Each structure stands twice: as C-alpha cells, then as structure tokens.
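**Q** Got a structure here, written out as structure tokens. Questions coming.
Read the figures in this text as sums done on the coordinates, not as results from a lab. All figures in this text were calculated on a predicted structure; none of them were measured in a lab. Cβ coordinates were reconstructed from backbone atoms using ideal geometry, including for glycine residues, and neighbour counts include every protein chain displayed.
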Amino acid sequence: MFVEVKHDSWKEINQYYLKPIKMKVIYTKEQANEHVNIVLKNALFCRIGMANKNVPYVVTVNFGYDERYIYFHGSQKGKKVDMITANPDVCFEIDYGAEILSSVKSCNWGTKFRSIIGYGKVELLSNDKDKEKALLAIMQKYSGKKEHAFDEHVMAHTNIYRIMRNNIEARNNHWKWDE
C-alpha cells in the first residue's frame, strides 16, 4: 500500500528536508512487550536467519508462539535442516503493517512498519507432547481455533522447532503506540 505525502509549497519541503532530525525514543518495558505481542499476533510470517561456515541463509516460515517460545516446522531434509544442524544459533525477524510513504521529492520516501528481531538457539523437538504443543500454537495463530487433531504419520515425518523468546528487540518506524 502506498500512502502519498503531499506538500503545499516548495518552502515547506525545503524546511522539512534541510533540517532532518533523528530522535531515539525510549519505551517502557510494558510498551516494548506490547509492541512484541502486537507484532507476533498480526504478522503472517517469520524469517529465520542462519549461518554455517560464514555462509548466511534466510528462510521464511509460518510460525506460532506462546509466552516462552517461537515455533516453526518443516521437512526433515533440506538446506534449513543442514544449516540448523551445523549451527543452531539463529536470528529471527517478524514484521507487519508495512506501508511505503511516498514523497514529492526523490529519495525522501520512507517505510512505516513494526518489527521484532530476536536471537537464540533452535531446538528440534522430539517429545510428542512438546511437538503437539508447538503445532497447536502454529495452528491457533492462523486458524484462531485452540483445538486441532494431528495425524501421527505427519507428526513423525515433520521437524518441529522452537526458539526461546529471551533476546528480542522491538522496532518501529512512523507508528504511534495507540495505532
């Protein structure tokens, strides 16, 4: 979605763009937690960044979450599995609400977004109870329903992962907290 920003006069444009102001806003812990929860609730995808022998790899996944973990799943074979097996230290990024903010002047466009970035170790779940809890979190996020039945064959042939939610940074650009 594009949001066009129009200015009434060249003088206004010059005053605005000749004096750029960078402000760092410090949020309370409650505001930061609220931001994280808003992003987790509203985002559609999670991006997982991995590296092995100085070769980076990023993959987009469906995800679920609870108060402690980010969950995702995938095949039992492939590059993602190889990368996680070689190095379980990952970075994840989740965002939502992105809009392009256009301008009448080139190179003064911007982006409105909310995002979170986190770091942690990926854990491959092996316990059926943990695997079901993770799949329920993923399904609830996308379906809105708390109860689902899972085929044993599918569960046995799907890798299900979790990352502890303990090192997350909240970021936003052009958002107000009451939006």
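**Q** Cross-link list LYS112/LYS133; LYS80/LYS146; LYS80/LYS141: which exceed 31 angstrom alpha carbon to alpha carbon?
**A** LYS112/LYS133
**Q** Would you kindly state how much longer the chain becomes between VAL154 and LYS77 on full extension, computed as 0.36 nm times their sequence separation minus their alpha carbon distance, in nm to one decimal?
**A** Numbers: separation 77, 0.36 × 77 = 27.72 nm, distance 1.42 nm.
Length gained between VAL154 and LYS77: 26.3 nm.
**Q** Rounded, prolate or oblate for the stretch 29-145? Axes are the square roots of the Cα gyration tensor eigenvalues, ordered a ≥ b ≥ c, and the cut-off for rounded is a/c under 1.5. Write out the running numbers ahead of the final one.
**A** Values: a/c = 2.25, a/b = 1.41, b/c = 1.60.
Judged from the Cα gyration tensor, the stretch 29-145 comes out oblate (a/c at least 1.5, b/c at or above a/b).
**Q** May I ask for the distance between the Cα centers of the stretch 155-174 and the stretch 64-129, given as a whole number of Å?
**A** So the separation of the two Cα centres works out to 6 Å.
**Q** Now a separate question. Sorted from fewest to most neighbouring beta carbons within 10 Å, what does the list LYS145, LYS80, LYS53 look like?
**A** Going from least to most buried by this count: LYS53, LYS145, LYS80.
**Q** Quick check: residue separation of ASN37 and ASN167 times 0.36 nm, minus the Cα distance between them. What number comes out in nm?
**A** On the way: separation 130, 0.36 × 130 = 46.80 nm, distance 1.41 nm.
Residue separation times 0.36 nm, minus the Cα-Cα distance, leaves 45.4 nm.
**Q** Figure the gain on full extension for LEU44 and GLN140 (residue separation times 0.36 nm, minus the Cα-Cα span) and round it to one decimal in nm.
**A** 33.3 nm
**Q** Once amide H atoms are built 1.01 Å from N in the peptide plane, which residues 5 or more positions from SER103, or in another chain, come under 5 Å H to H?
**A** It is VAL5, by chain and number.
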